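Input: a single structure, listed below in structure tokens.
The values are calculated or read from the model by the stated rules, or taken from the named source; none is laboratory data. Source: prediction; values computed, not measured. Note that we place each Cβ from the backbone using ideal geometry, even for glycine, and neighbour counts take in every protein chain shown. All accessible areas refer to the heavy atoms of the entire protein, side chains included, with ligands and DNA or RNA removed. Shrake-Rupley method; radii C 1.70, N 1.55, O 1.52, S 1.80 Å.
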Amino acid sequence: MKNEPFYITTPIYYVNDVPHLGTAYCTIAADVLARFERLLGREVRFLTGTDEHGEKIQEAANKKGLSAQAFTDEISQQFKTTWLKLGITFDDFIRTTEERHKEVVQHYIQKALQKGDIYLGEYEGWYCVPDETFWTQAQLVDEKCPTCGRDVKKIKEENYFFKISRYTEKLLQHIDANPGFILPESKKNEVVSFLKEGVRDISVSRTSFTWGVPFPQTDQTKSQHVMYVWFDALINYISALSPLKSSEMVNKFWGTESQPRAVHLIGKDILRFHAVYWPCLLMSLELPLPKRIFAHGWWTIEGKKMSKSLGNTIEPLSFTQQYGQDAFRLFLFREFPMGHDGDFSLKNFKERVNADLANNLGNLLNRSSGLLIKHLEGAIQPPTGSDPLLTPVTDAVIAAHEYLYAAGSLNDLPMERFEFHECLQKIFPILTALNKFVDSKAPWTLAKDPTKKIELQFVLHSVLEGLRIASLMLWPFIPATSDELLKRLGQIGATECLNGKSELTELTKWGKGRPAQLIQGQPLFMRLE
Ligand code: ME8
């Protein structure tokens, strides 16, 4: 619904690494959804940021011979700059080392302590530093971390523990009552079985290092505890809404129990933290749960696990400088559904860009605008007339429109369920049908016969009308291309929807184009060899 607040978050990224394909994928996906919602007229808040505390970051800083603060300042800036250069439209960038975050973490922990949900104990077991995760002996696989396969270390230290079991039954009920809470379905099932097995109380503080948010001191301990990095990190989703200053942002973007607003997009590796620990902590704090947690799959590169040591990571900035941002953005969601794992290969990337963008979109624009300039003085009009050969085009427009903007309940569109792949599969048939229409009508032949001028007009105006609609629908995925195309066609573009002057769902119907003068330009996409 128009004007409704919408809150989308990415994970906050650890600063021991720089932006790569995996983090770019998640951030771009959140950007696509943020743009889609803004285009619909909603008031969007899009949060991303960096996760800067914990043992792993302290070790990484030591290795570089920098103070943890200097180290995190440097890498956090790198994330922010990369996202800005990639055209990511985040509204806020939170760093866990910021005062505004730390004070909220301490406030909430104090609250959970007062509630009696936190107690002092001793942890003895295994710890995976790269994943910042506690494991029991029985959970290890071949003595290694069961999720990342790396070495674990034995630790024994005083920790505060969170009585998570107090909330797991309530969480199971919530999951059951809210089918879209954890998506995709397969991930929901994983969470449910994990919960049903019974969850052990979890450490929420550490004592063997100091790089973290200081844990509120209690009478029971003399040691200085710092927050366990995951409990510090998860709170970012609310601390960024300044809950201690006023309840305005929290009410608006976090929402209420009956109208939750927050949508957390995460990778499948961090599902348990988001879908189990975080909701239980929120229940303890008596705060509403998020509306949705969506776990996306993992990318491999040319069939291999992406890793720094293999040197096969994709650096998003240099890749997009070479191949273009829109091509990259489209490819990420065009190949496979977001809940699946997928492989990034240059060959597939080039084939996809050539088929979808150079041929289907770019070449169609070139062909039709060339003829329009040559034979009709570049004059664009909404198409008048009819032809059964056009029906597959208008049918494809109706089908895409239905699916994108009206399917499901109004408040839960396929894009909001991260069905980006499926949405693209509804939009691209418009372009395929248009290309077929052009081929069968052969406007280059019509142009040779002066008695066929009306038909020629109808064909070219129809093609440009179809291109107008498809590019508006594609704007969240390929914003620069869409802006350029609509500018050349002299049509209302995203800006008018964003500033509330036009209604996207009206504008994307057949026949809503306006008379204009075509502006010719360079091909939008060159074929990649
Ligand atoms: O986990 N394909 O941060 P992070 C797809 N700080 N996604 C990938 C990927 C790949 N090959 N590699 C990594 C953290 N990712 C915590 C989050 S949130 C409160 C704290 C994704 O920098 C991964 O799935 O290790 C995860 O969602 C994200 O990158 C951040 O990972």
(message) Highest mean first, how do 270-278, 473-481, 69-77 rank when packing is the count of other Cβ atoms within 10 Å averaged over residues?
(response) 473-481, 270-278, 69-77
(request) Using the charge dipole of the stretch 30-138 (Lys, Arg: +1 at Cβ; Asp, Glu: -1 at Cβ; taken about the Cα centre), state which of 89, 71, 128 has its Cα farthest towards the positive end. (result) 89
(message) Just the number please: accessible area per residue for the stretch 316-412, 1.4 Å probe, all protein chains included, in Å².
(response) 42
(message) Output wanted: per-residue J couplings in Hz (rounded whole) for the stretch 416-422, from phi through Karplus 6.51 cos²θ - 1.76 cosθ + 1.60, θ = phi - 60°, x for Gly and Pro.
(response) 6, 9, 6, 8, 5, 4, 5
(request) Calculate, for residue 439 and residue 487, the FRET efficiency according to 1/(1 + (r/R0)^6) with r their C-beta to C-beta distance and R0 25 Å; round to the nearest 0.05. (result) 0.40
(message) Here is the link list: 64/222; 111/268; 56/305; 304/347; 187/291; 426/512. Which ones come out longer than 23 Å on Cα distance?
(response) 64/222; 111/268
(request) Pull up the DSSP beta bridges for the stretch 254-371 and report the antiparallel fraction as a percent, rounded to 5. (result) 25
(message) For residue 350, give me every one of the aspartates and glutamates with a C-alpha distance below 15 angstrom, ignoring sequence neighbours fewer than eight places off in its own chain.
(response) 302, 326, 335, 529
(request) Let me have the 222 nm mean residue ellipticity of the chain computed from DSSP H runs of 4+ only, each contributing -39500 (n - 2.57), with the sum over all residues rounded to the nearest 500. (result) -12500 deg cm²/dmol
(request) Return the carbon/sulfur percentage of the accessible area of the stretch 346-517, one whole number, probe 1.4 Å, all protein chains in place. (result) 54
(request) Can you tell me the order of 112-120, 51-59 when each peptide is scored by its average per-residue count of other Cβ atoms within 10 angstrom, highest first? (result) 51-59, 112-120
(message) Take residue 501 and residue 245, extend 7 Å from each Cα along the Cα→Cβ direction, and tell me the distance between the two endpoints in nm.
(response) 3.1
(request) Take every DSSP beta bridge with both residues inside the chain and express the antiparallel ones as a percent of the total, to the nearest 5. (result) 50
(request) Using θ = phi - 60° and the Karplus relation 6.51 cos²θ - 1.76 cosθ + 1.60, list the HN-Hα couplings for the stretch 463-476 in order, rounded to whole Hz, with x at every Gly or Pro. (result) 4, 5, 5, x, 5, 4, 5, 4, 6, 5, 5, 7, 3, x
